[in-house]
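A short reminder: the numbers here are calculations on the coordinates, not readings from a lab. All values reported here derive from a predicted model rather than from experimental measurement. Note: ideal-geometry Cβ built from the backbone for every residue, glycine included; neighbour counts use all protein chains shown.
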Amino acid sequence: MQPYLIHGDSPAERAERAVIRLRLAECRLAFGELDVAIRAVDTAGRTAAGLIPDLAARVEAVRVAVDTQLLGRLADPGDAEA
């Protein structure tokens, strides 16, 4: 991945940043860091709302996947495999 993708402000770069943050939050779910995932899902939803449909769909696909895992953790916080 090119460094400019992290610091730019084009729609594609904003989408890429949102996906990266979601993937990081997904990893942190394994350590019980639910607050990180909640913030990432919320922020990604707002980011996707401002993107063109193709980019928004890419962000939304990852956002929904992470949100589903998060909801599983919130429903059963003792389940380490959710």
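Tell me the net charge near residue 8. Cut-off is 10 Å between Cβ atoms, residue 8 excluded, with +1 for each Lys or Arg and -1 for each Asp or Glu.
Charge balance near residue 8 sits at -1.
Sorting check: for 43-50, 68-75, which peptide has the highest mean count of neighbouring beta carbons within 10 Å, and how do the rest follow?
Per-residue mean Cβ counts within 10 Å order the peptides as 43-50, 68-75.
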